[in-house]
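To start, the structure itself, in structure tokens.
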Amino acid sequence: MFSRTYRAAITVPPLVWVAVFLLVPYALLFCYSFWSVSPNQTIVHSWTLDNYRDLFRVNVYLQTLFRSMWIAARVMVFSLLLGYPLAYYLSFHAGARKELFYQLVIIPLWVSYLVRAYAWKTILGSDGVLNTLLQYVHLTQHPLDFLLYSPFAVVLTLTHIYTPFAFLPIYASLEHIPRNLVEASHDLGASPFQTFWRVIFPLSIPGVLAGATFAFVLSLGDFLAPLLLGGPSGIMISNIVVSLFGAAYNWPLGAAISLSMLLLVLALLVLSEKVERKWSFR
Amino acid sequence: MEFPVSAARSTSRWLPWHAIAVFSFLYLPIITLIVYSFNGPGVGGFPPHNLTLDWYRMLFVDDAIWESVLNSLKVAIAAIAISLTFGIPAALALDRVEFPGKALFRRLVLLPLILPGIITGLSLSILFHDSHVKFSILTIVLGHGTALISVATTEVFAGLQKLDRAQEEASLDLGANYWQTFWRITIPNLRLSIIGAALLIFTLSMDEIAVSFFLIGRDNTLPLEIWGRLRRGITPEINAISSIIFVFSLIAIVTWYRLRASAEAKVEIATEFETTVQG
Amino acid sequence: MATIIEPTLARSPNSGAQPLLSIRNIAKSFGKNPVLRDISLQIAEGEFLTILGESGSGKTTLLRIIAGFESATSGEIWMEDARLDILPPYRRRVNTVFQHYALFPHLTVEENVGYGLRVAKLPKEEVANRVEQALAMVKMTAYAKSKPAKISGGQQQRIALARALVNRPRLLLLDEPLSALDANLRRQMQVELKSLQREVGISFVFVTHDQEEAMVMSDRIALLRRGELEQIASPREIYGRPATAYTAQFIGHTNLLQGEVQGGVVRCHSLDWPVGLPDGPVWFSLRPEHLRVVNLAVGSAGVNVIRFRGRVCHQAFHGSTDLLQVECEDGLKLSIRTATRENWHGELELEFSPEDAVAVRKSEEKV
């Protein structure tokens, strides 16, 4: 039905933009990761695998990577623990107020990341709201140190930010479950708990996987929360990359780490998509 | 779904409490922030006292903040323009045309949404650096535009699914060419999706920091201006501007949601009409 | 399975034994909207009962109350000598075949069928045996390992049936299970369902809006109108002796005639005949097939017929019969079903036997 000009007009411009501003930059990243930096701070365009070797040999990089993955894993688990029952409640028990509650959940999602991270910073500090509150009601006598400038603060803040992200796909998949399946299960003798376990949960797995992937991937690459709240013990892999592109001036190494992160993330996305497809029964 | 009285409901009794707990977790920090924007002695300390509007007054005469707000607005509007200009055709192409590399294209367009901002920001900054493009508002605009095309594409694509293809066919049948049909029929039908996308892109662009971080030149956007101050120390003025940001985002999102809901209601009414007419 | 369907016998609800299900004064309102008003009826052991009605009549709501997915606003339901309505659906010995089958998409056909048995924690062997039997009964053994998405609508319907019956419920509820099937498949399934019910011997409660379907399958039909029970009787009785004008019009075609009784004689337009009815206005239902065209008949039907003339104004071909619209001198319009003939025109001489004009109650008028 559509003429060739029409088809070209709607295909070519986006393709060109995406090629220039997405493909080329990734390609550059790729190239840089194999180059190196000379002692007088210029980029040497000779191809080498040194950067990747460094990534695996230098302790601090590996350690930071693992710590980042550990932080991301905790954020993922907590987001799911918070998000799933909430999604279930909204989908199956909220009745008329479902729409209102849904809006309440997505609003924080769109409110500035910075605002939310900042809010936690003011709450968790040694003079912050939480500490002074605890002392005010005589639950503690001294400010709790671990609250801020620690991995704890990073996990807490990132969980706060990514729980709605985890919630969305879980809620969508729960909403897709035809209600007559729940009735059929009850009709056949399954209690509400058995129905949840045998029917509802299996059918919501694609949503859970998507939510888990979002939370994990986005937390892994986060650099703002660690800068604001992480302190020295809360540094994550992206912070290292940022400094390599800044003061530490080693673009190739930074590119190598970024590319590794990119590949890891892509691998996770592909893997999760495969598993999701296996668990989707359309 | 209601059951007769004696049905065991104990397992689901904790669900509402959990929901309340999660909502509290999500909102208390923000509410605290807003409350403390009125706090006399500054951030921290419990309980809040000496409530004052001083911080807001300070905010209003803070030129640097307002300059950055203006910059952010410029960026946001430009980002909307770019995202829609490239996102609408992208959605149409994904919906209607088979072309080589389509699957790759679809993934690529969606990537910036799922990837951590650092990767998008860094890779673009390498591009600009190597092309000797000076870092400025322009580079931020290009970054936001690229990252947010996917938002436009997703919203418009969803709207396209609800579009009745027969309308466009009727237009062509009545003598309009593709270009006319596009402007007279396709776009008006996508009006709600486009407005929704614009609203979303605006909000996301105004709040964007991860990608902008790497593309910044001399001029700050609002989030970067706040970020700069945060590195220097906390003042309740930041609470004040944050509270204002929160209120605006709130309005934007609720509006977007209502638009979405009314679009869906229209589709339902339309299909109901169809089925009644067909008997 | 026998291919000859035995003529359905009217079963009276109190044929000796205690009824299986006793619905007592069930009423249901959604908010201020009353959907069921004071329904009472009894279902016998082994009976095929159809709840028939238009959309909005409350038939699905009644079924859902029996299944346990809704609770009644007032009234009780008893199964034998225990109260049913206070139990949640998963404790009732009642199973449902849903309108859109509600098969579990993530389970295979055999896992679907065995679901209720596994939930009841029966031993694996028993589950396997019973599932096999159930699949054989609905002739779907070959599809045991398929997923529901891969089988056709008609096949899904059989699986839904097997899944319900394998649990050996006391009562099977069917919520318009055939409405999604096309006409031929539907007719075939009607026959199969009926034989299945005979074979299995369980009471079936079947909900439909299709009156033909109801007549073909049921031992008794319960006609619901606007939340009230209009009439409950065997198909023959409900067709031949409709209690109300609504029933007469809903089930099959009919002509509704209004008349006035005076002194044991009814005057209906320009016709009159003796009736044993009290004085006053009266309505009659006269089925089109009971009006005969005299010219065609091999002589007249004999004594005691009412004769009159009419002019054909419309004819519709129905395959083996024609449905004629005839207008009489006084403007009375009647539908007549007669043997088919290529061309009807002009004046006809018509007759009917007065006992075929059944007096009916006129329920409150509705469009």
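The values are calculated or read from the model by the stated rules, or taken from the named source; none is laboratory data. Note that the structure is predicted; figures quoted are calculated from it, not measured. FYI the Cβ positions are ideal-geometry reconstructions off the backbone, even for glycines, and counts take in every protein chain you see.
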Suppose we keep only residues that are touching a residue at least 60 places away in the same chain (Cβ under 8 Å) and in contact with a strand residue (DSSP E or B) (Cβ under 6 Å, 6 or more places away or on another chain) within segment C:31-44. Which one would you say is surrounded by the most Cβ atoms within 10 Å (Cβ to Cβ)?
C:Leu36
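Could you pull out the residue among A:Ser3, A:Ser38 that is without any contact (Cβ under 8 Å) to a residue 40 or more places away in the chain and out of contact with any helix residue (DSSP H, G or I) (no Cβ under 9 Å at 6 or more places or on another chain)?
It is A:Ser38.
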Checked pairs for segment C:67-90, first closer than 20 Å to C:Ser29 by Cβ, second hydroxyl-bearing (Ser, Thr, Tyr), C-beta under 6 Å and 6 or more apart or across chains, list as C:Ala67/C:Thr96; C:Thr73/C:Ser29; C:Ile86/B:Ser6
Say whether the condition of being crowded, with 16+ Cβ neighbours inside 10 Å and polar (S, T, N, Q) is met by at least one residue in segment C:166-186.
yes
Looking at A:Ser219, A:Ser173, which is the one that is closer than 29 Å to B:Thr235 by Cβ and not hydrophobic (A, V, I, L, M, F, W, C)?
A:Ser219
Picked from segment A:120-149 (must be in contact with a Ser or Thr (Cβ under 6 Å, 6 or more places away or on another chain) and outside any helix (DSSP H, G or I)), the residue modelled with the highest pLDDT is A:Gly128
Within the group C:Asn95, C:Asn112, which residue is in contact with a Pro (Cβ under 6 Å, 6 or more places away or on another chain) and either surrounded by 22 or more Cβ atoms within 10 Å (Cβ to Cβ) or not assigned by TED's automatic domain parsing to the domain that holds C:Gln188 (or both)?
C:Asn95
Test of understanding: among B:Gly175, B:Gly101, which residue is surrounded by fewer than 16 Cβ atoms within 10 Å (Cβ to Cβ) and within 10 Å of chain A (Cβ to nearest Cβ)?
B:Gly101
What residue, among those in segment A:194-220 that are within 11 Å of chain C (Cβ to nearest Cβ) and of a type in the set (Phe, Trp, Tyr), is surrounded by the most Cβ atoms within 10 Å (Cβ to Cβ)?
A:Phe201
Going residue by residue through segment B:125-138, is there one that turns out to be at the interface with another protein chain (Cβ under 10 Å from one of its Cβ atoms) and among the aliphatic types (A, V, I, L, M)?
yes
Among the residues of segment C:140-162 satisfying the criterion of being of a type in the set (D, E, K, R) and more than 22 Å from C:Glu176 (Cβ to Cβ), which is surrounded by the fewest Cβ atoms within 10 Å (Cβ to Cβ)?
C:Lys145
What is the number of the single condition among (1) surrounded by 14 or more Cβ atoms within 10 Å (Cβ to Cβ); (2) at pLDDT 90 or above that B:Ser24 does not meet?
(1)
Pair list, Cβ under 8 Å, 6 or more apart: segment C:174-197 residue outside the structural domain of C:His100 (by TED's automatic domain parsing) and in contact (Cβ under 8 Å) with a residue 60 or more places away in the chain, other residue of a type in the set (Asp, Glu) and surrounded by 17 or more Cβ atoms within 10 Å (Cβ to Cβ)
none
Mind counting the residues in segment C:245-296 that are crowded, with 20+ Cβ neighbours inside 10 Å and polar (S, T, N, Q)?
4
Which of (1) out of contact with any helix residue (DSSP H, G or I) (no Cβ under 7 Å at 6 or more places or on another chain); (2) surrounded by fewer than 16 Cβ atoms within 10 Å (Cβ to Cβ) is the odd one out, the single condition B:Gln167 does not satisfy?
(1)
Cβ contacts < 9 Å: first residue in contact (Cβ under 8 Å) with a residue 40 or more places away in the chain and facing chain B (nearest Cβ under 7 Å), restricted to segment A:97-109; second residue among the hydrophobic types (A, V, I, L, M, F, W, C) and in a helix (DSSP H, G or I), any location; separation 6+ or different chain. Result?
A:Ile106/A:Phe167; A:Ile106/A:Leu168; A:Ile106/B:Ile253; A:Pro108/A:Ile161; A:Pro108/B:Leu26; A:Pro108/B:Ile30
From B:Phe157, B:Phe86, grab the single residue that is of a type in the set (Phe, Trp, Tyr) and within 11 Å of another protein chain (Cβ to nearest Cβ).
B:Phe86
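Table: residues versus (1) under 19 Å from the mean Cα position of the chain (by Cα); (2) away from chain A (no Cβ under 11 Å); (3) not β-branched (Val, Ile, Thr).
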site: B:Ile77; (1), (2), (3): yes, yes, no
site: B:Ile82; (1), (2), (3): yes, no, no
site: B:Ala93; (1), (2), (3): no, no, yes
site: B:Pro112; (1), (2), (3): yes, no, yes
site: B:Val141; (1), (2), (3): yes, yes, no
site: B:Ala147; (1), (2), (3): yes, no, yes
site: B:Gln180; (1), (2), (3): no, yes, yes
Quick check on this structure: which one of C:Ile77, C:Ile65 is closer than 15 Å to A:Glu183 by Cβ and modelled with pLDDT of 90 or more?
C:Ile65
Only one residue in C:Asn112, C:Asn95 is over 19 Å from the mean Cα position of the chain (by Cα), more than 22 Å from C:Gln211 (Cα to Cα), within 14 Å of chain A (Cβ to nearest Cβ) and in a strand (DSSP E or B). Which one?
C:Asn95
May I ask you to verify whether B:Leu160 is part of a helix (DSSP H, G or I), surrounded by fewer than 17 Cβ atoms within 10 Å (Cβ to Cβ) and within 24 Å of the chain's Cα centre (by Cα)?
no
Residues that are charged (D, E, K, R) and in contact (Cβ under 8 Å) with a residue 60 or more places away in the chain: find the helices (runs of 4 or more DSSP H) completely inside segment B:58-150 holding 3 or more of those.
B:63-96
Just for helices (runs of 4 or more DSSP H) wholly inside segment A:1-92: which have at least 3 residues that are within 30 Å of A:Ser204 (Cβ to Cβ)?
A:59-88
Take the conditions of a type in the set (A, V, I, L, M, F, W, C), facing chain A (nearest Cβ under 10 Å) and within 28 Å of the chain's Cα centre (by Cα) and apply them to C:Leu103. Does it pass?
yes
